[in-house]
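The values are calculated or read from the model by the stated rules, or taken from the named source; none is laboratory data. Please read these numbers as outputs of a predicted model, since none were measured by experiment. Virtual Cβ from ideal backbone geometry, glycine too; neighbours counted across all protein chains shown. These area figures cover heavy atoms from the full protein model, side chains too; ligands, DNA and RNA do not enter into them. Shrake-Rupley method; radii C 1.70, N 1.55, O 1.52, S 1.80 Å.
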There are 2 protein chains.
Amino acid sequence: MHFNETLKNIKTYEAGKPIELVVREFGIDPKNIVKLASNENPYGVSTKVQEAVASRVHEMYMYPDDSMHELKERLGKHFDVDSKNIIIGSGSDQVIEFAIHAKANKDNAILINSVTFAMYEIYAKQVGTKIIRTSSREHNLDEFYELYQKEHPALIFLCTPNNPTGDAIDKSALMHFLDKIDSDTLVVVDGAYMEYAAYKNASKHVTPKELLQKYDNVLYLGTFSKAYGLGGMRVGYGIASRKIIQALYKLRPPFNVTTLSLTAAQAALEDQEFVQSSIEKNFQQMRRYEEFAAKKCIEIIPSYTNFVTFLLKNNNSSTDVSHNLLKKGIIVRDLSSYNLNAIRITVGTPKQNDRLFEELDKLI
Amino acid sequence: MHFNETLKNIKTYEAGKPIELVVREFGIDPKNIVKLASNENPYGVSTKVQEAVASRVHEMYMYPDDSMHELKERLGKHFDVDSKNIIIGSGSDQVIEFAIHAKANKDNAILINSVTFAMYEIYAKQVGTKIIRTSSREHNLDEFYELYQKEHPALIFLCTPNNPTGDAIDKSALMHFLDKIDSDTLVVVDGAYMEYAAYKNASKHVTPKELLQKYDNVLYLGTFSKAYGLGGMRVGYGIASRKIIQALYKLRPPFNVTTLSLTAAQAALEDQEFVQSSIEKNFQQMRRYEEFAAKKCIEIIPSYTNFVTFLLKNNNSSTDVSHNLLKKGIIVRDLSSYNLNAIRITVGTPKQNDRLFEELDKLI
């Protein structure tokens with residue numbers, strides 16, 4: 001059977017290894033596995049959210065409120081924007097999908113950072129659009145602007161803080177860049193880790209409200225998968241001008257978020273104490289990573305997220321190191337597929353980090 | 001801002017009204033609302049499934065096992081097929097999306113029944129493919145074959161039992177039809193309501209195993225949203241030859257099913273007693289609909305599902321009838337958008353049906 005030409009260029013996405021897989025492959029007791037590969041919140045999910053969801057399991061037979069009225073109202077209040085400027089996705093991934101399918105096609109292009117979130121490229125390949133990359137590892141907005149002028153991309157993706165490197169763009173530089181982009185180019189500002197950046201350094205804190213007030217062509221993305229501790233529930237959102245939201249809505253399948261995911265996200269948004277406490281602990285623990293790296297003379301990229309990226313030296317292969325950690329039940333992300341000899345490690349709980357440092361110390 | 005041309009032809013899908021919306025619009029007490037619009041299982045969700053999900057709410061922070069190993073193994077066992085022939089979607093809707101994006105494009109066409117599940121058309125419009133429809137209300141496989149020969153569609157959708165009409169194709173006729181279709185044409189057999197048909201009449205019972213054994217070009221779809229009582233959790237599946245599954249996998253976004261949805265689906269599959277009991281009660285209650293229709297001299301389409309479609313007489317407009325029911329807090333589906341003066345009603349619990357008959361009796 002023949003399929004569409006575009007499929008030929010698509011490789012299946014390899015997600016961070018789940019605990020189940022490591023159990024199956026290496027026969028390690030699930031209790032001894034430390035998963036630091038997918039930037040989940042290591043402090044788990046707020047007990048208030050757990051209670052809210054547990055109290056509504058009898059509602060699983062009912063389709064969710066497809067208008068997502070309640071969640072959009074609460075998000076609107078949280079960000080001080082109108083709920084009509086919000087679209088909810090099955091993770092912010094899905095909003096990326098909508099944006100690419102709405103704007104990109106075989107005859108135009110998207111512009112992304114050299115090293116950045118893998119889903120931009122994956123969805124771009126689905127529509128067969130051209131993918132233009134910068135050359136620098138961290139976002140260099142001058143280079144973005146040069147390529148914008150030269151190549152006229154239909155979409156530009158700025159991931160700040162960036163995954164998988166952890167660096168963040170200065171807000172003032174971002175706004176200056178956006179000022180120069182024409183109104184027909186859709187700029188996606190992916191703030192999946194923005195809650196972490198906002199805590200660490202106000203100069204990196206970009207808010208959807210400010211973007212919305214100034215730019216009709218900017219789509220801000222956020223997620224409940226990271227600081228809110230709901231990676232498993234698949235809820236993200238896009239915030240933009242009405243015109244963009246209406247276009248994305250045309251591509252949204254009905255019931256794209258589950259009944260219990262809506263409940264969970266609504267409850268998570270109310271428990272800011274949990275979110276802030278998770279972030280605080282994250283940066284306390286991150287200091288240990290910085291100290292470990294300094295001790296080992298390993299370069300790390302200053303991180304505004306809940307993960308750190310260790311740029312390994314030539315005598316250590318990131319593939320070997322991550323594989324050897326895996327054999328000990330510790331899952332990290334090898335960045336060799338990004339052409340980096342680096343590993344990305346989610347900053348875990350104190351106990352998880354103890355385990356990691358103990359094993360990593362033997363390997364590098 | 002300009003968007004892709006294909007968006008111009010897409011209208012946003014209107015889902016069945018959720019209870020929340022009726023509460024907001026008409027100020028009716030949620031306790032008094034009877035929702036018979038979305039073909040959810042009126043007997044709710046199995047208590048075993050509720051317990052399984054409630055016991056794992058602490059896992060919401062973790063991304064799901066993206067290989068979906070456990071669910072695919074159990075589904076494979078249930079249908080006696082290899083798990084490698086299975087793909088899991090966020091509802092079977094999403095597998096429809098994968099199939100259309102894999103095979104349809106601007107230069108080819110899909111063939112669907114005159115009146116059928118709305119999502120085929122919606123996804124087809126996203127890729128700008130031509131949509132060919134039969135003329136008869138129920139599936140007429142002779143007409144399908146004529147159009148197949150004339151138009152050479154890349155995909156054919158057969159929905160059996162069909163939504164929103166409730167009729168089902170005879171298995172022998174279906175197999176005879178499939179025998180005549182060339183191997184490069186993908187035929188989707190959408191069995192979202194197959195558990196109901198299988199119970200009512202064995203001659204309508206199409207199994208993925210039989211399809212897989214005979215046809216490399218057939219994709220069977222099933223869902224946990226109906227008989228399994230998990231409409232809110234968004235889990236469906238496709239079963240087909242390895243080659244088709246591998247192609248669809250390229251279009252599957254990672255983590256497309258939530259952590260708790262996987263738990264729910266796995267537990268639901270184990271509780272066949274709940275499923276069978278729901279189906280049995282469904283057809284007991286359906287007799288009351290048949291009697292009501294006979295009494296009122298209303299034509300109904302013999303249904304192999306958990307809903308009935310009342311073809312109203314000219315003096316009753318389906319839009320008026322459904323709107324008047326809505327004002328009483330009873331939600332049914334007006335089929336005027338399908339060019340039918342008909343209403344589709346989910347067969348509810350005895351009590352829900354009492355309420356419906358009481359109000360409907362006054363209106364038609």
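Here are the numbers:
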{"item": "Matching residues, the stretch B:216-249, being open to solvent by less than 10 Å² (accessible area, probe 1.4 Å), over 30 Å from B:Ser278 (Cβ atoms) and either small (Gly, Ala, Ser) or not assigned by TED's automatic domain parsing to the domain that holds B:Gly191 (or both)", "result": "B:Ala247"}
{"item": "Selection from the stretch A:39-65 of residues that are in contact with a Phe, Trp or Tyr (Cβ under 7 Å, 6 or more places away or on another chain) and surrounded by 21 or more Cβ atoms within 10 Å (Cβ to Cβ)", "result": "A:Asn39, A:Glu40, A:Asn41, A:Val45, A:Ser46, A:Tyr63, A:Pro64"}
{"item": "Cβ pairs under 7 Å, 6+ apart, first in the stretch A:276-294 and in contact (Cβ under 8 Å) with a residue 24 or more places away in the chain, second surrounded by fewer than 17 Cβ atoms within 10 Å (Cβ to Cβ) and part of a helix (DSSP H, G or I)", "result": "A:Gln285/A:Pro350; A:Phe292/A:Phe357"}
{"item": "Helices (runs of 4 or more DSSP H) contained in the stretch A:2-105 and holding at least 1 residues under 23 Å from the mean Cα position of the chain (by Cα) and at the interface with chain B (Cβ under 9 Å from one of its Cβ atoms)", "result": "A:19-26, A:47-54, A:92-103"}
{"item": "So A:Asp190, is it out of contact with any helix residue (DSSP H, G or I) (no Cβ under 9 Å at 6 or more places or on another chain) and either away from chain B (no Cβ under 12 Å) or open to solvent by 10 Å² or more (accessible area, probe 1.4 Å) (or both)", "result": "no"}
{"item": "Flag if B:Lys35 is basic (Lys, Arg) and not assigned by TED's automatic domain parsing to the domain that holds B:Gly348", "result": "no"}
{"item": "Per-region count, the stretch B:246-267, residues more than 7 Å from chain A (Cβ to nearest Cβ), closer than 15 Å to A:Ile122 by Cβ and of a type in the set (A, V, I, L, M)", "result": "1"}
{"item": "Residues located in the stretch A:106-128, provided they are within 28 Å of A:Ile300 (Cα to Cα), assigned to a helix (DSSP H, G or I) and open to solvent by 10 Å² or more (accessible area, probe 1.4 Å)", "result": "A:Ala118, A:Glu121, A:Ile122"}
{"item": "Selection status of B:Ile131, at pLDDT 95 or above, outside any helix (DSSP H, G or I), open to solvent by 20 Å² or more (accessible area, probe 1.4 Å) and not polar (S, T, N, Q)", "result": "yes"}
{"item": "Residue list for the stretch B:264-294, filter: among the polar types (S, T, N, Q) and open to solvent by 10 Å² or more (accessible area, probe 1.4 Å)", "result": "B:Gln266, B:Gln272, B:Gln276, B:Ser277, B:Gln284, B:Gln285"}
{"item": "Qualifying residue in the stretch B:295-303 (condition: crowded, with 17+ Cβ neighbours inside 10 Å, among the β-branched types (Val, Ile, Thr) and within 14 Å of another protein chain (Cβ to nearest Cβ))", "result": "no"}
{"item": "Of the criteria (1) more than 17 Å from B:Asn163 (Cα to Cα); (2) among the aromatic types (Phe, Trp, Tyr); (3) crowded, with 24+ Cβ neighbours inside 10 Å, which one B:Tyr199 fails", "result": "(3)"}
{"item": "Residue tally, condition outside any loop (DSSP other than H, G, I, E, B) and farther than 16 Å from A:Ser203 by Cβ, over the stretch A:159-172", "result": "1"}
{"item": "In the stretch B:136-160, the residues that are out of contact with any helix residue (DSSP H, G or I) (no Cβ under 7 Å at 6 or more places or on another chain), closer than 28 Å to B:Pro302 by Cβ and open to solvent by 10 Å² or more (accessible area, probe 1.4 Å)", "result": "B:Arg137, B:Glu138, B:His139, B:Asn140, B:Asp142, B:Glu143, B:Glu146, B:Leu147, B:Tyr148"}
{"item": "Index of the failed condition, B:His205 passing every other in (1) touching a residue at least 24 places away in the same chain (Cβ under 8 Å); (2) open to solvent by less than 50 Å² (accessible area, probe 1.4 Å)", "result": "(2)"}
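So that you can scan it fast, the table gives a plain yes or no per residue for (1) at pLDDT 95 or above; (2) assigned to a helix (DSSP H, G or I); (3) touching a Leu at 6+ places or on another chain (Cβ under 7 Å):
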residue: A:Val188; (1), (2), (3): yes, no, yes
residue: A:Ala192; (1), (2), (3): yes, no, yes
residue: A:Glu195; (1), (2), (3): yes, yes, no
residue: A:Asp216; (1), (2), (3): yes, no, no
residue: A:Leu219; (1), (2), (3): yes, no, yes
residue: A:Ile245; (1), (2), (3): yes, yes, no
residue: A:Thr263; (1), (2), (3): yes, yes, no
